[in-house]
1. Any idea how many residues of segment 100-137 are surrounded by 15 or more Cβ atoms within 10 Å (Cβ to Cβ) and within 16 Å of R161 (Cα to Cα)?
2. Please go through segment 43-69 and pick out each residue that is open to solvent by 60 Å² or more (accessible area, probe 1.4 Å) and without any contact (Cβ under 8 Å) to a residue 12 or more places away in the chain.
3. Just a yes or no: is a residue in segment 125-144 at pLDDT 85 or above, within 23 Å of E56 (Cα to Cα) and part of a helix (DSSP H, G or I)?
4. Kindly establish whether D44 is assigned to a loop (DSSP other than H, G, I, E, B) and at pLDDT below 80.
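The values are calculated or read from the model by the stated rules, or taken from the named source; none is laboratory data. All of these numbers come straight from a predicted model, not from anything done at the bench. Every residue, glycine among them, receives a Cβ derived from its backbone with ideal geometry; neighbour counts consider all protein chains shown. Each accessible area value is taken on the protein alone, full model and side chains, heavy atoms only, with ligands, DNA and RNA left out. Shrake-Rupley method; radii C 1.70, N 1.55, O 1.52, S 1.80 Å.
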Amino acid sequence: MRNRYFARNNEDRDVPMLNTSSLPDLIFTVLFFFMIVTHMRDVDLKVRYEVPQGTEIQKLGHKASVVHIYVGRRMNVNDNLNDNDNLNVNDNLNGNGEFFIQLNNEIATLADIKAFLDNERSRMNSEDQGRMTVSIKADRDVPMGLISDIKQTLQQNYALRINYSATERNVNVNENEDERR
């Protein structure tokens, strides 16, 4: 009698079909998730810079309050300056014709930094305005005079938190001993 209740017919052994009607919804949900989470680069670099190396490196927090200034050589030296760039080389480069300042997507001068900072502050909420940090991403060969001029311009415009971007340098024990002598 027991076999009668548990016995199955061969007809009952068919595997049910997989319902794929919700598969497009799932795919679009995952796609939408990645579109929201992925951060696309806002700035197209027009200057080339090789980041200097340092030993005391810290990561920046509150990335929403970080403003970047790029300083380096132009990506393509043969390119003519755009009409929008309005660049006087001596004003921008402190007499050095190799290095350029980039603010957002435009080559700029030291005088353009004030308007740039005002524009960036207006985009931020009040909390981020208080912790606004200017990150200078400069080529390792940029003259310190140009960096100093940028820093003075930032200070005159009350951008007092300044960060210099660098990569971490691995220091060997033997190199430290040589430097101490």
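1. Total meeting the criteria: 13.
2. E56, Q58, K59, K63
3. Looking through segment 125-144, at least one residue is at pLDDT 85 or above, within 23 Å of E56 (Cα to Cα) and part of a helix (DSSP H, G or I).
4. So D44 fits the description; yes.
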